[in-house]
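Only one structure is covered here, and it is reproduced in the block below.
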Amino acid sequence: MTLGLKKTILVILSFVLILISCRHRINWKYLSKEDLENFRKEFNLPKEKTFRLDTNYIRYLFSFDTTRYADQIKNHIQPIQALYYDRNGQLVSFHINCYASTGVPGSDFNWNQQNAFKNFVPRTVVPLDSILPLSKHLFFIRTFDNSPIDTSGFSAFDYTIIVHWGKKWRLNDSKNLINIVSNNANLAGKKKLNVIYVNGDDALQ
């Protein structure tokens, strides 16, 4: 078996395991606008900055050559993420649940491994890639009623931070990531930040 084929199989298995894990924990259904609004309130997220992830997001990732981009696809399909984009729309810092595991069953993820969030911009933990620039990422972000979001004015920000969160899988770890991103933003000084929160529960369905 070639290395490329092994990576492809790994990506597919990773996605399947996420689905199985999520389905085991909660009755699976598509989320209504009301569901998402209740989740937003529970997580205490700003109404004007909280959205949902388009279900075509996963399809887009798997449109890439799964032999060549297996690692990148695997990273971007993770359910809990924080992605930092600079003014040019390039990914400059990347954090996902796979890299935050402590290896201890039942324990919360450690998002601040090796003091990654000590400074702003946080030191990237996940290898950076270019398969999901900001413009493409924003294309798959929708309002709760599934309309495209208004991105006018986004170019005025020095950094756009996209946090993928969810309630269907490891709720506390989503909340912890949101908190550490928020606290880290306080270190940004005069830099203009655009932090948006994207519920990805339906995209994994």
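Structure summary
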item: ³J(HN,Hα), Karplus 6.51/-1.76/1.60, whole Hz, each residue of segment 191-197, x for Gly, Pro; result: 5, 8, 10, 10, 9, 10, 10
item: Distance (nanometres) between label positions extended 7 Å along Cα→Cβ at GLU34 and GLN114; result: 4.8 nm
item: Cα gyration tensor shape for segment 109-205, rounded if a/c is under 1.5, else prolate or oblate; result: oblate
item: Nonlocal amide H pairs with VAL195, under 5 Å, H built at 1.01 Å; result: ILE161
item: Cross-link pairs beyond the 20 Å C-alpha cut-off, checked among LYS49/LYS118; LYS136/LYS191; LYS74/LYS175; LYS41/LYS168; result: LYS49/LYS118; LYS136/LYS191; LYS74/LYS175
item: Cα-based reach from LYS167 at 20 Å (exclusive), listing aspartates and glutamates while leaving out same-chain residues under 8 positions away; result: GLU34, ASP35, GLU37, GLU42, GLU48, ASP54, ASP108, ASP145, ASP201, ASP202
item: FRET efficiency for LYS190 and SER152, using Cβ-Cβ distance with R0 set to 25 Å, rounded to 0.05; result: 0.65
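No lab work stands behind these numbers, since they all come straight from the coordinates. Computed from a predicted structure; not experimentally measured. Virtual Cβ from ideal backbone geometry, glycine too; neighbours counted across all protein chains shown.
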